[in-house]
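The values are calculated or read from the model by the stated rules, or taken from the named source; none is laboratory data. Predicted model, so just to flag it, every value in this text is computed and none were measured. Don't worry about glycine lacking a Cβ; one is built from the backbone with ideal geometry, like all the others, and counts go over all protein chains shown. Heavy atoms of the whole protein, side chains included, go into the accessibility calculation; ligands, DNA and RNA do not. Shrake-Rupley method; radii C 1.70, N 1.55, O 1.52, S 1.80 Å.
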Amino acid sequence: MSELATIARPYAKAAFELAVEKGTVESWNDMLFFAGQVASNEQAAAALAGLPTATEQADLFIKICAEQLNEQGQNLIKVMAENGRLVALPAVAELFAEFKADYDKEIDVDVISATPLAAEQQATLVAALEKRFARKVKLNCSEDTTVVGGLIIKAGDTVIDGSVRGKLARLATSLQS
């Protein structure tokens, strides 16, 4: 786990628990995504770094975000600024999104194939993966001609390499043994 993720975890967890309690998980997700984008912006980061106090940094950040932050979101920004943690906002947004996906029983699955998958193939794959992971699956499909054929599926820590390239690599390894 990266240092920023370690710093971000308590903020993301607190925000998520509050969002669940208030029934505002979706709006918090949107709010944190926007704040994370602002914190990642080089110009905004430079402007914030040039301010001497945490209060001024928080005020500028809130001003930049304008109507995107509700009162609790503004309080989170103030607390993070006071602790010198605004730089961790993108990680907070990412962790919050992970908590939300887990809460919603959703999983993002990256599928890499040599050629584009047809809609029927995607639907069949989604059904099989939803059964395997017991979660709603969101497919992110991409093409890579080096796969040659078959699929590489990545879901969280799980990687399923059913590609021709992967099978050839495993065959080569077993022949060398």
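Just wondering, is there one or more residues in the stretch 32-55 that are touching a Leu at 6+ places or on another chain (Cβ under 8 Å), farther than 26 Å from G156 by Cβ and open to solvent by less than 30 Å² (accessible area, probe 1.4 Å)?
Yes, some residue in the stretch 32-55 is touching a Leu at 6+ places or on another chain (Cβ under 8 Å), farther than 26 Å from G156 by Cβ and open to solvent by less than 30 Å² (accessible area, probe 1.4 Å).
Residues checked against (1) in contact (Cβ under 8 Å) with a residue 24 or more places away in the chain; (2) not charged (D, E, K, R):
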| residue | (1), (2) |
| --- | --- |
| S2 | yes, yes |
| T6 | no, yes |
| E17 | no, no |
| C65 | yes, yes |
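Here is a list: A47, A5. Which entry is closer than 16 Å to P90 by Cα and among the small types (G, A, S)?
Testing whether each residue is closer than 16 Å to P90 by Cα and among the small types (G, A, S) leaves just A5.
Between residues in the stretch 160-177 that are in contact (Cβ under 8 Å) with a residue 24 or more places away in the chain and residues that are in a helix (DSSP H, G or I) and open to solvent by 90 Å² or more (accessible area, probe 1.4 Å), which pairs lie under 8 Å by C-beta distance while being six or more apart or on different chains?
Here the result reads none, with nothing in the stretch 160-177 linked to a residue that is in a helix (DSSP H, G or I) and open to solvent by 90 Å² or more (accessible area, probe 1.4 Å).
Find the residue count for the stretch 107-124, including only residues that are touching a residue at least 24 places away in the same chain (Cβ under 8 Å) and either hydrophobic (A, V, I, L, M, F, W, C) or in contact with a helix residue (DSSP H, G or I) (Cβ under 8 Å, 6 or more places away or on another chain) (or both).
Qualifying residue count for the region: 8.
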